[in-house]
1. Determine the dipole magnitude for the stretch 105-222: charges of +1 sit on the beta-carbon of Lys and Arg, -1 on that of Asp and Glu, nothing else is charged, the reference point is the Cα centre, and the result goes in debye to the nearest 20.
2. How would you rank 85-92, 102-109, highest first, on the average number of other Cβ atoms within 10 Å across their residues?
3. Do the alpha carbons of any pairs in LYS31/LYS166; LYS99/LYS166; LYS31/LYS222; LYS97/LYS119 sit beyond 25 Å of each other, and which pairs?
4. With a 1.4 Å probe and all protein chains left in place, how much accessible area per residue does the chain have, in Å²?
5. With θ taken as phi - 60° and the coefficients 6.51, -1.76 and 1.60, list the Karplus ³J(HN,Hα) couplings across the stretch 125-133 in order, rounded to whole Hz; mark glycine and proline as x.
6. Find which of ILE186, ILE49, ASN220 sits farthest along the positive direction of the dipole of the chain, computed with +1 on the beta-carbon of Lys and Arg, -1 on that of Asp and Glu, about the Cα centre.
7. Could you check the simple spin-label distance between SER118 and LYS141, using points 7 Å along Cα→Cβ, in nm with one decimal?
8. Can you compute 3J(HN,Hα) from phi for each residue in the stretch 25-31, using the Karplus curve 6.51 cos²θ - 1.76 cosθ + 1.60 with θ = phi - 60°, rounded to whole Hz and x for Gly and Pro?
Amino acid sequence: MDTLLYFLYVVLYTALLIWGLYGIRKQDLAKWTSVIYLVILPLIYDNAILATGKWIGEGELLESLNFSRFCLHALITPLLVMYSLGTLQESGIKWAKKKWLFISGIIYTIGLMILEFSKEVVGLDIEVVKEYGVISYSNVKESTGPPVMVLLVTIILIVASAILWKKTKWPVFFVGAVVMTFGSAIPIDVESGAVTNAFELFLIFTLIWTKRRLITNELNVK
């Protein structure tokens, strides 16, 4: 079942990427919210590796491909901070256009990349894991709590989306952030390691939808 789910995620993420880029103009592509397209690419890769792991088979190739998953997560996920700030700026919130805010956002984002890379990638020791029909390589060390980087990114997502909702009456971004947060935090009693990834997919859907609204100038301060 999980193999099929991961293949489904690949298809859906690809569809979201195509939808997000459909009809986009150069000036829209150059904006900060366009980092969402970069965020989707590693998610397609991540799910593709998980979906095909049992056919690639145990060995150095699959181990290297899985190691790259951790590297991409550390370097790309923090970009959601800049996406969040970009939604505020592009929707017409005046104070969000301040230069100091984006300089702070860039520093915060780079700091999260360094934090995650140093904590989760440097010295990473992964071993083969066979679960629910999926073969992958994962960290041998047990997690002692929720990932710090993910928590710090989530805080920005929720705060920025709440502000966007208040200023523009657009709740979709906020709903996506909240659903992903609670969905990932609450244990689900199901024999699957892939089901909870649906919450992440839902978040990305809401972010792409929000980006589409910005592209079509339908998301402005009211």
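The values are calculated or read from the model by the stated rules, or taken from the named source; none is laboratory data. The model shown is predicted, which means the values in this text are computed figures rather than measured ones. No Cβ is skipped: glycine too gets one built from the backbone with ideal geometry, and neighbour counts run over all protein chains shown. The area values use the complete protein model at the heavy-atom level, side chains included, leaving out ligands, DNA and RNA. Shrake-Rupley method; radii C 1.70, N 1.55, O 1.52, S 1.80 Å.
1. 940
2. The densest-packed peptide leads the list: 85-92, 102-109.
3. LYS97/LYS119
4. Accessible area per residue: 53 Å².
5. Couplings: 10, 10, 9, 5, 10, 10, 8, 6, x Hz.
6. ASN220
7. In this crude spin-label approximation the distance works out to 1.4 nm.
8. Each residue of the stretch 25-31 in turn: 9, 4, 5, 6, 5, 7, 8 Hz.
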